[in-house]
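Below is one structure, written out as structure tokens; the observations come after it.
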Amino acid sequence: MTLEKMAEKVHKVNKKLLLAQALFVGFHAATNLTTYFVNKSMPNENTIVFTSGSDDKIPLPYEVNAKIIDFFMYTQVTLRQNLHGNKVIWMSNSNKKEVLNGLSNLQYQNIVFIGHGTGYSFWTADGPIYPEDISSSKIRKKSGELIQHTCGMGSPELRNSLLTFPEKGYYFEGPITAKQNYLTAWKELFKSF
């Protein structure tokens, strides 16, 4: 195979990859916009989502990491809650005080954590939140569910501190990848239909 033919094949593959990426991003942009209007029409704002960009393994500012998470997780997380009759508010890259204030708000009975964390912690923009932080802030337990799109090791779990019924919702039991997180969110959305 000549160098010219090889370069031509590489160019064709690159074009196909770029097209696939453009379609993937376009799909998310379209579904996010549609989901935004569905969520806006919901009557009861009772779910709060916290996304954490706090990950030193990714060489981007935390704010950028959180916005990427928001973009690729918005549709499946929000629409799942909408199908259960819940309106969702998103808090992107919040600090500890903002997360604890959101958790203290009795309006929000369903909680979603996405990003860096464990079963025992959720990492905010300025450090982790542990079960002790929940109890020392006198946050009342929620009747809804806790969705944890974080790694899952660690005990005692946040869900025991936050929920009246800790089995409500879903979580991971070990380390996870971004791909597992993303695909699980879609799977859980389709289970809601």
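The numbers here are math on the coordinates, done by the rules we state, and not lab data. Remember, predicted model here, so these are calculated numbers, not experimental data. Cβ atoms come from the backbone with ideal geometry, glycine included; neighbour counts cover every protein chain shown.
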Rounded to the nearest 5, the percent of antiparallel DSSP beta bridges in region 42-191 equals 20
Residues whose built amide H sits under 5 Å from the amide H of G119, excluding neighbours closer than 5 in sequence, are G152, M153, G154
Among the lysines, which fall within straight-line cross-link reach of K5, defined as a Cα-Cα distance under 16 Å, with same-chain neighbours fewer than 8 residues apart omitted? K15
Spelling out what I want: for every residue of region 177-193, take phi, set θ = phi - 60°, compute 6.51 cos²θ - 1.76 cosθ + 1.60 (Karplus), and round to whole Hz; glycine and proline get x. 9, 4, 4, 4, 4, 4, 5, 5, 4, 5, 4, 5, 5, 5, 5, 7, 6
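Take the cross-link list K40/K187; K141/K168; K40/K87; K57/K179; K142/K168 and give me the ones stretching past 19 Å between alpha-carbons.
Numbers: K40/K187 23 Å; K141/K168 12 Å; K40/K87 7 Å; K57/K179 16 Å; K142/K168 10 Å.
Table pairs above 19 Å Cα-Cα are K40/K187.
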How far apart, in nm, are the 7 Å Cα→Cβ label points at F24 and E45? 3.3
On a full-extension model of 0.36 nm per residue, what is the gain between T2 and S192, subtracting their alpha-carbon distance, rounded to one decimal in nm? 63.0 nm
